[in-house]
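Undergrad: For reference, the structure I am asking about is given below.
The values are calculated or read from the model by the stated rules, or taken from the named source; none is laboratory data. Here the structure is a predicted model, which means the values were calculated and not measured. Note: ideal-geometry Cβ built from the backbone for every residue, glycine included; neighbour counts use all protein chains shown.
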Amino acid sequence: MACVSVLSFWDARRCVIEHVRSACRAPAVEQVDLEEAQGRVLAENLYADRDYPPCDRSLRDGYALRAAETPATLQLAGEVRAGTRFPRSLRPGETVEIMTGAPLPEGADAVVMREHVRAEGDRIAVTEAVSAGLWVRRRATEARRGELLLPRGRRIGFVEVALLATLGRRRVSVYRRPRVAVLPTGDEIVELDRTPLEHQIRNSNAWSLAAQIRRAGGRPELLPVAPDEFEATRDLIARGIEADLLVISGGVSAGKYDLVEPAARALGAEFYFNGVAMQPGYPLVFGRARGTFFFGLPGNPICTMVAFEVFARAALELLSGDNEPLLPLLEARLTYPFRHRPGLTRLVPARLAADGCSVAPIPWHGSSDVFALAHANAFLIADADRDCWQPGDRIRVLLR
């Protein structure tokens, strides 16, 4: 796809994914213990070590029997519970009491629930015909020995941890976490332990980006704040592109002291876009210098956070070995009317109800209002070609 200077929201995301996917190679591989695997990306294919389940198992508490003998009154021959086996084959006219998860005795092919029979001492009356396979989980219906269960490139979550444990894997091969350099810019930035003057702000963007990078599977490396001076900015960018990915906060607008683009250009950078038709986050730069991709994010805190989540995170996930970077989107019903001026895709702080079905925008005062964002758990995504939504309309939501 040929990228132009300013792209639409969705075209910009596609541009990032296509360029990074075409250029990145598989990261180095390392082994980690299972308790450290959460959030990492698999670097190996995982196969079933045996059939699952390895034998026919009961899905209910009840009685194992031959379906062809029902209806009948059968002789109770014993019981089998989970973790044990019945010591012999089921004989004609017999039934065995069985517990959920227990293996079916040889010769049995169905289970009837205990509430559907009548017990008469050691005789069990089954009053209706039973079909073969009733309440039975057949051998290998979940997975067959040697079947591919998890492909390399899958990010490990709690379900994947359960599957790894099921396979008996105490250690697993994963891709190395990418190093992500974080470069804040601007003479107004001071460190957290400083008391800022009225014209200064604390270096919050570096810390929020570091948290987002860790959540996305990277290893953040915080660089010193770049002052509004060309050579210093260029030198710090040069230092940042020694990492696997560089994320720059601020310095990407059209002002006299917005030096990120000229400083990167002096290092031979190629630019894929330098603006996205979105709000917040319009002045957003994506490029590559000396083999390393970089993002120049707007300096206002909400701009920085949003732009990272929808663009830089996709690049980081691909560099982590993740096959399919996805936006965590859903649709919900608006509870309040909403209007905006078409032309830009807008991401508006919002509160998604606990049931995930309804959503409402929250009051905020622009892209520096982190205090309002702290009360939000999502963003409304207002499409660029639509100007209004009414209560009850469905709208896309990006989870925070």
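Undergrad: Give the residues of segment 11-54 that are free of Cβ contacts under 8 Å to residues at least 12 places away in the same chain and under 19 Å from L326 (Cα atoms), sorted by residue number.
TA: Hits for segment 11-54 are D11, S22.
Undergrad: Are any of the residues in segment 181-195 crowded, with 18+ Cβ neighbours inside 10 Å, more than 31 Å from the chain's Cα centre (by Cα) and within 20 Å of L284 (Cα to Cα)?
TA: Within segment 181-195, one or more residues are crowded, with 18+ Cβ neighbours inside 10 Å, more than 31 Å from the chain's Cα centre (by Cα) and within 20 Å of L284 (Cα to Cα).
Undergrad: Oh, and also: Taking R138, is it under 30 Å from A67 (Cα atoms), among the charged types (D, E, K, R) and modelled with pLDDT of 95 or more?
TA: yes
Undergrad: Now for a separate question. Could you list, in sequence order, the residues of segment 173-200 that are in contact with a Lys or Arg (Cβ under 8 Å, 6 or more places away or on another chain), within 30 Å of P151 (Cα to Cα) and not in a loop (DSSP other than H, G, I, E, B)?
TA: Within segment 173-200, V174, Y175, R179, V180, A181 qualify.
Undergrad: Here's something else I'd like to know. Just for segment 249-293: of the residues that are assigned to a strand (DSSP E or B) and of a type in the set (V, I, T), which one is surrounded by the fewest Cβ atoms within 10 Å (Cβ to Cβ)?
TA: T292
Undergrad: Kindly check whether there is at least one residue in segment 135-156 that is surrounded by fewer than 17 Cβ atoms within 10 Å (Cβ to Cβ) and free of Cβ contacts under 8 Å to residues at least 40 places away in the same chain.
TA: no
Undergrad: Here is a list of conditions, (1) free of Cβ contacts under 8 Å to residues at least 12 places away in the same chain; (2) at positive phi, and G255 meets all of them except one; can you say which number that is?
TA: (2)
Undergrad: Which of the following residues is touching a Cys at 6+ places or on another chain (Cβ under 8 Å) and farther than 30 Å from G275 by Cβ: L34, L104?
TA: L104
Undergrad: Picking from A72, A64, A68, which residue would you name as being assigned by TED's automatic domain parsing to the domain that holds A129, loosely packed, with under 14 Cβ neighbours inside 10 Å and within 30 Å of H116 (Cα to Cα)?
TA: Residue meeting the stated conditions: A68.
Undergrad: Just to confirm my filter: which strands (runs of 3 or more DSSP E) fall fully inside segment 65-121 and include at least 1 residues that are within 43 Å of the chain's Cα centre (by Cα)?
TA: Qualifying strands (runs of 3 or more DSSP E): 72-80, 94-98, 110-113.
Undergrad: Spot the failing condition for A28; the list is (1) of a type outside the set (S, T, Y); (2) under 27 Å from G146 (Cα atoms); (3) surrounded by 13 or more Cβ atoms within 10 Å (Cβ to Cβ), and only one is missed.
TA: All conditions pass for A28, except number (3).
Undergrad: For segment 26-49, which residues satisfy the criterion of being among the aliphatic types (A, V, I, L, M) and in a strand (DSSP E or B)?
TA: Matches in segment 26-49: V29, V32, V41, L42, L46.
Undergrad: What single numbered condition from (1) at pLDDT 95 or above; (2) touching a strand residue (DSSP E or B) at 6+ places or on another chain (Cβ under 9 Å); (3) of a type outside the set (A, V, I, L, M) fails to hold for G168?
TA: Single failed check for G168: (2).
Undergrad: Take residues that are buried (at least 19 other Cβ atoms within 10 Å of the Cβ) and of a type in the set (F, W, Y) and tell me which of the strands (runs of 3 or more DSSP E) falling wholly in segment 294-387 contain 1 or more. Outline the logic, then answer.
TA: Values: elements: 329-334, 345-352, 358-361, 378-382.
Counting at least 1 such residues, we get 378-382.
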